[in-house]
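Asks: After the structure tokens below, expect a handful of questions from me.
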Amino acid sequence: MKRAIVIAAALVFGGLLINAIVDLPSSPVDLRIAVADNMANSGVSHPVTAVLLNFRGYDTLLEIAVLLLALIGLMAAGPMLPPPPNQPADALLQKLARIATPPVIVVGGYLLWAGAFRPGGAFQAGAVLAAAMVLLHLSGLLSAWNAQLLPLARRVILVGGFVLFLCISVALLAAGSLLQYPPHQAGLLILLIESGLTLSLAAILAGLFLFLSRDNGGAP
Amino acid sequence: MSSELLFAVVGALIFTLGVAGTVLVANLLRRILAFNLMGSGAFLVLVGLAQRGGESDPVPHAMVLTGIVVAVAATALALALLRKQHEMKDSEEELTEIDDG
Amino acid sequence: MVEPVTFVVWLIVLPLAWAVAAFVTGERIGAWLGVVGSAIQTFLVVWMVATWDVAVPVIHRVGGWGAPLGIDLAVDGLALAMLLLTQVVSLPLTIYARSYFSEDASKSRHFWPLAGFLIAGLNALFVSADVFNIYVTLEIVGLSAVSLVAIGGGRAQISAALRYLFATLIGSGAYLLGVALIYGAFGSVSLATLIPLVGSNPPQAFALAGLLMLFGLMLKTALFPFHYWLPPAHGGAAAPVSALLSALVVKASFYLTLRLWTELFASIADDIAWIPALLGAGAILWGSWRAIQAIRIKMLIAYSTVAQLGYLFLVFPLLPGQDAIRATVMQACAHGAAKAAMFAAAGVLIKATGQDTMAGLAGMTGRLPLTLFAFGLAGMTLMGLPPSSGFLAKWQLIEAGMARDLWIIPVVALAGGLLTAVYIFRILSFAFLLSPSSVKIATVPRVQEWTAFALAAGSVLLGLRGVELMALLPGQVP
């Protein structure tokens, strides 16, 4: 009964939604023009990066805060069960992971650098590096992280990118507004922010996995 | 119907599917997937509607990238809580929620 | 450089800074950072209030671009009142929490960073003038609130946190689709750009967006019957967390509902204004009824929150009248201070007696007079007795209802006041009337008692300074 009601309601809602979408006239504001007009002052040549790190950089700053706080929330939920007994890691898998890691780091670096003029940037780079860490963990070369005993260095890496971003944003307040880049230094500052973010995002994204992992991958 | 509008319509369908899933699916892991469907549907509507002119608009692209990161964060937190709840369920037989006084 | 205009930026940056610093330095230093940071934020917001000029709106263009390309932060009287409430309530709560968590490093280690993110998210939400940016701030607030509930990882906390997370995610999902439709319809997410574009005959997608966003926000505000997630979360969390959540977090989504209702969706809102009012009336009756039946102290306070949130929505048929906005802002502030006091006092009582039941309160008046006095004062505000701010709020509400011949509003408000009195006197009767039990009670640091008392006294004294608070809002001050 409940099922039938929910499905009927969903059908009505979906119908209304599609009808509203199809009927929609073209929008009166076109931000493509505004973006194109201001690209020269944005410090980068890829429009999505310009929006992400400059025009709407404040969204991105807050979004890193969301990621960071989700990681802390995950740690706050308390210790998970202890890992099961060690399993001997597969030698071939370890070998492959060792071979794969250096090129993955190079790809991450390329993505970071490419973000200025084509699709790429800190998130993509950070995600690739995090994937490498997960790979190393799964092949037994990197142990899981303990949320209750987090060394200072690791805490600093986790928050470093966000702190750098926050500090630059606040320093630019001197120019009048939060995150108001001087046009001729915008490119450099954005690259600096993205470099810091790449490392921290890699650590945060990997942490989301490594804090939860019950598999210590055969590492001591 | 232009192909951009098609994206938006498919997004609307995916969103609706996700909403129905959050209500109907009892398994909490699948419910987390339903939330992700809702999010993906909304992202498709956002990007699809914005590029009706044919040329893509970078502003919704950036907003969707932000939204995806937020969704990743929420999903990770949900999974961690679910995992923790599951472990505690394992150690004690039945989970009783505190509903009221 | 440091002008009141940039204070709004500092109100967001400071808590973010102490949140990450507390994460790096650990609980001991983190607690001090939280207290000192909150004190500076309070100072900044008081300065803003002191130099406030209704005629000069404060706008900060982040990145210097200006809307619609960039994101604007805007402070009007309504936002400033909420900023004031947030800082003034969170400062005593940080002092309380430092003492409350002092024996339990594993909990406070995560409390301080999460509390910092929560306060930053609240401040950012109040001043954001961009519906997509508001989505991000909503997620900061929602996810940090959920994480705070989960702190410590007890079975009840995790289960309540999950339920809360599911509710808040449905809410933000609906809100996000609304944003997508609005961008599709108008090509902008800036409130200042959107409001003049809406006109009298907006497309159907806009109305749908309005319904989605307002529904999502009401779910996040726990408006009856979407309140199902609130009692376990607020009743199950640690006392300082319950206080932050009940006093501030639900007010944030309410504030957005009010703002979007009166500004962006004014053209579609009039016809459906009876719905939130009806649900609000349902919340007052149902929440009070469940509070009267409660056995556990914190569950009683949590259901009382469900009921008190109902008052906030009762005014919706009277919007956008300034008297109605004033009444609801006063209610939000009164409830914020009183409920923070009540959860803080409950935390002291539970620590002292070692149990979260009313029966455990037997004879506590002699043992913890200050805390029970604080509880009573906060109860006075919730009941709406003069001279408390709760009285002022209900008075304005009744006056606004009668001015438009909507008699049902005063009737519900008065009935709610009576029901509130029943559950407040019920809990106090356990403490006053039952003979003292011989059970030994634990000593609780005095600072916890005093901060609870300060919040409760504040909720009463605000009633005497209500005119100053109301002067922040536009329109004639009565």
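Asks: What 222 nm value per residue comes from the helices of chain A, counting each DSSP H run with n ≥ 4 as -39,500 (n - 2.57) and dividing by all residues, nearest 500 deg cm²/dmol? Write out the running numbers ahead of the final one.
Replies: Details: 8 runs with 142 residues, N = 220.
The helix-only estimate for chain A comes to -22000 deg cm²/dmol at 222 nm.
Asks: Does anything in region A:23-64 have its amide N under 20 Å from the 7 Å Cα→Cβ label point of residue A:114, and if so which residues?
Replies: Label zone hits: A:44-53.
Asks: Ok, one more. Quick one: grab Rg to one decimal and Dmax as a whole number for chain C, Cα atoms only, in Å.
Replies: 21.1, 70
Asks: Could you state the angle between the C-alpha long axis of helix C:408-433 and the longest principal axis of the C-alpha atoms of chain C, as a value from 0 to 90 degrees rounded to the nearest 10?
Replies: Value to nearest ten degrees: 20.
Asks: Along Cα→Cβ, 7 Å out, is where each label goes; now give me the distance between the ones at residue A:149 and residue A:171 in nm to one decimal.
Replies: My value for the distance between the label points is 3.7 nm.
Asks: Return the carbon/sulfur percentage of the accessible area of chain A, one whole number, probe 1.4 Å, all protein chains in place.
Replies: Roughly 71 percent of what the probe reaches on chain A is carbon or sulfur.
Asks: Per residue, how large is the accessible surface of region B:3-91? Use a 1.4 angstrom probe and give square angstrom.
Replies: On the way: 3320 Å² over 89 residues.
Accessible surface, normalised per residue, equals 37 Å².
Asks: Per residue, how much accessible surface does region A:40-189 expose to a 1.4 Å probe? Answer in Å², no decimals.
Replies: On the way: 6310 Å² over 150 residues.
Heavy-atom accessible area per residue stands at 42 Å².
Asks: First compute the accessible area of chain C with a 1.4 Å probe, then give the percent of it belonging to carbon and sulfur atoms. Please report the intermediate quantities before stating the final value.
Replies: Details: 9860 of 14180 Å².
On chain C, the fraction of accessible area on carbon and sulfur atoms equals 69 percent.
Asks: Separate question: I'd like the distance between the alpha-carbon centres of region C:257-278 and region C:402-440, rounded to an integer number of Å.
Replies: Here the two parts' Cα centres lie 30 Å apart.
Asks: What does the charge count around residue A:32 come to, taking other residues whose C-beta lies under 14 Å from its C-beta (Lys +1, Arg +1, Asp -1, Glu -1)? Write down the numbers at each step before the final one.
Replies: Working: positive: B:52; negative: A:30, A:37, B:4, B:55, B:57.
Once positives and negatives cancel, what remains is -4.
Asks: Nearest 500 deg cm²/dmol is fine: what mean residue ellipticity at 222 nm does chain C get from its DSSP H runs of n ≥ 4 alone, each adding -39,500 (n - 2.57), divided by its residue count? Numbers along the way, then the final one.
Replies: Details: 21 runs with 352 residues, N = 478.
Helices in chain C give a 222 nm mean residue ellipticity of -24500 deg cm²/dmol.
Asks: Run the dipole for the protein assembly as shown about the Cα centre, Lys and Arg Cβ at +1, Asp and Glu Cβ at -1, nothing else charged, and hand back the magnitude in debye, nearest 20. Show your work: numbers first, answer last.
Replies: Details: 39 positive and 37 negative charges, 337 e Å.
Rounded to the nearest 20 debye, it is 1620 debye.
Asks: OK, next. Averaged over B:14-26, how many beta carbons belonging to a partner chain fall within 10 Å of each residue's beta carbon? Let's see the in-between values first.
Replies: Numbers: counts 1, 10, 11, 2, 4, 9, 8, 2, 5, 8, 5, 0, 0.
For peptide B:14-26, the averaged partner shielding equals 5.
Asks: If the chain between residue C:442 and residue C:367 were fully stretched, how many nm would it gain, using 0.36 nm times the residue separation less the Cα-Cα distance?
Replies: Numbers: separation 75, 0.36 × 75 = 27.00 nm, distance 1.04 nm.
Length gained between residue C:442 and residue C:367: 26.0 nm.
Asks: Which residues does the label zone of residue B:87 cover in region A:105-145, counting backbone N under 14 Å from a point 7 Å along Cα→Cβ?
Replies: Those under the cut-off are A:144-145.
Asks: So which residues of region C:205-236 lose at least 40 Å² of accessible area, probe 1.4 Å, when you go from the chain by itself to every protein chain present?
Replies: The answer is C:208 - residues whose exposure falls by at least 40 Å² when every protein chain is included.
Asks: Using a 1.4 Å probe on the protein chains only, how many percent of the accessible area of region B:3-91 belongs to carbon and sulfur?
Replies: Details: 2250 of 3320 Å².
Roughly 68 percent of what the probe reaches on region B:3-91 is carbon or sulfur.
Asks: Can you give the FRET efficiency to the nearest 0.05 for residue C:293 and residue C:408, using r as the Cβ-Cβ distance and R₀ = 35 Å?
Replies: Details: r = 25 Å, r/R0 = 0.72.
According to the calculation, E is roughly 0.90.
Asks: Turning to a different aspect of this structure: Taking a probe of 1.4 Å, how large is the accessible area per residue of region C:1-144, in Å²? Don't skip to the end; give the middle numbers.
Replies: Values: 4150 Å² over 144 residues.
On a per-residue basis, 29 Å².
Asks: So, one more: Compare the peptides C:395-407, A:169-181, C:214-226 by average per-residue count of other Cβ atoms within 10 angstrom and give them in order, highest first. Don't jump to the answer; show the numbers that get you there.
Replies: Details: C:395-407: 17.4, A:169-181: 19.5, C:214-226: 23.5.
Ranking, from highest mean packing down: C:214-226, A:169-181, C:395-407.
Asks: 222 nm [θ] for chain B, helices only, -39500 (n - 2.57) per DSSP H run of 4+, per residue, to 500?
Replies: -28000 deg cm²/dmol
Asks: What's the percent breakdown of Cα-Cα distances in chain B across 10 Å bins, shortest bin first?
Replies: Reading upward from the zero bin: 15, 33, 27, 15, 8, 2.
Asks: Okay, next question. Report the Cα centroid-to-centroid distance between region A:166-192 and region C:1-44 in angstrom, as an integer.
Replies: Rounded to whole Å, the Cα centres lie 21 Å apart.
Asks: Taking the alpha-carbon centroid of each part, what is the distance from region C:446-473 to region B:21-55 in angstrom?
Replies: Answer, in whole Å: 44.
Asks: If the chain between residue A:156 and residue A:23 were fully stretched, how many nm would it gain, using 0.36 nm times the residue separation less the Cα-Cα distance? Mind dumping the intermediate values first?
Replies: Numbers: separation 133, 0.36 × 133 = 47.88 nm, distance 5.11 nm.
That pair, residue A:156 and residue A:23, stretches by 42.8 nm at full extension.
Asks: I need to check one value: relative contact order of chain C, counting alpha carbon pairs closer than 8 Å and at least 6 residues apart, in percent. Display every interim value, and only then the final one.
Replies: Working: 839 pairs, mean separation 71.2, N = 478.
Once normalised by length, the contact order is 15 percent.
Asks: Another question about this same structure. Show A:56, C:465, C:98 ordered by accessible area, largest first, where the area counts protein heavy atoms only and the probe is 1.4 Å. Kindly include the intermediate steps, with their values, before the conclusion.
Replies: On the way: A:56 10, C:465 140, C:98 90 Å².
Highest to lowest solvent-accessible surface, that is C:465, C:98, A:56.
Asks: As a test question: what accessible area, to the nearest 10 Å², does residue C:303 have when a 1.4 Å probe is rolled over all protein chains in place?
Replies: 10 Å²
Asks: Moving on. At R0 = 22 Å, how high is the FRET efficiency between residue C:471 and residue C:43 if r is their beta carbon distance? Nearest 0.05 is fine.
Replies: On the way: r = 20 Å, r/R0 = 0.92.
Given R0 = 22 Å and the Cβ-Cβ separation, E is 0.65.
Asks: If you don't mind, there's one more thing I want to ask. Translational diffusion coefficient of region A:106-205 at 20 °C, 1.002 mPa s, Stokes-Einstein with Kirkwood Rh over Cα pairs, in µm²/s as a whole number.
Replies: Values: Rh = 14.7 Å.
Answer from the Stokes-Einstein relation: 146 µm²/s.
Asks: Can you tell me which of B:46-56, C:18-28, A:90-100 comes out highest on packing, and rank the rest after it, using the mean Cβ neighbours within 10 Å?
Replies: Details: B:46-56: 19.4, C:18-28: 22.4, A:90-100: 13.1.
Descending packing order for the listed peptides: C:18-28, B:46-56, A:90-100.
Asks: When you look at the Cβ of every residue in C:23-29, what mean number of other chain Cβ atoms sits within 10 Å?
Replies: Values: counts 10, 8, 2, 3, 0, 0, 0.
Across C:23-29, the average partner-chain Cβ count within 10 Å equals 3.
Asks: Chains B and C: what accessible area do they bury, summed, in square angstrom to the nearest 100, with a 1.4 Å probe? Please report the intermediate quantities before stating the final value.
Replies: Working: alone 7510 and 18030 Å², together 22160 Å².
Separately minus together, B and C give about 3400 Å² buried.
Asks: What's the buried accessible area, both sides, between C and A using a 1.4 Å probe, rounded to 100 Å²? Don't skip to the answer; put the middle values down first.
Replies: Details: alone 18030 and 13430 Å², together 26790 Å².
Answer for the C-A pair: about 4700 Å² buried.
Asks: Too long at a 24 Å Cα-Cα cut-off: which of C:251/C:394; C:220/C:339; A:2/B:89? Can you show the working numbers first?
Replies: Numbers: C:251/C:394 17 Å; C:220/C:339 18 Å; A:2/B:89 27 Å.
Long pairs (Cα-Cα over 24 Å): A:2/B:89.
The values are calculated or read from the model by the stated rules, or taken from the named source; none is laboratory data. Fair warning: this is a prediction, and the values are worked out from it, not measured in the lab. Note that we place each Cβ from the backbone using ideal geometry, even for glycine, and neighbour counts take in every protein chain shown. Side chains are part of the model used for accessible areas, which takes the heavy atoms of the whole protein and leaves out ligands, DNA and RNA. Shrake-Rupley method; radii C 1.70, N 1.55, O 1.52, S 1.80 Å.
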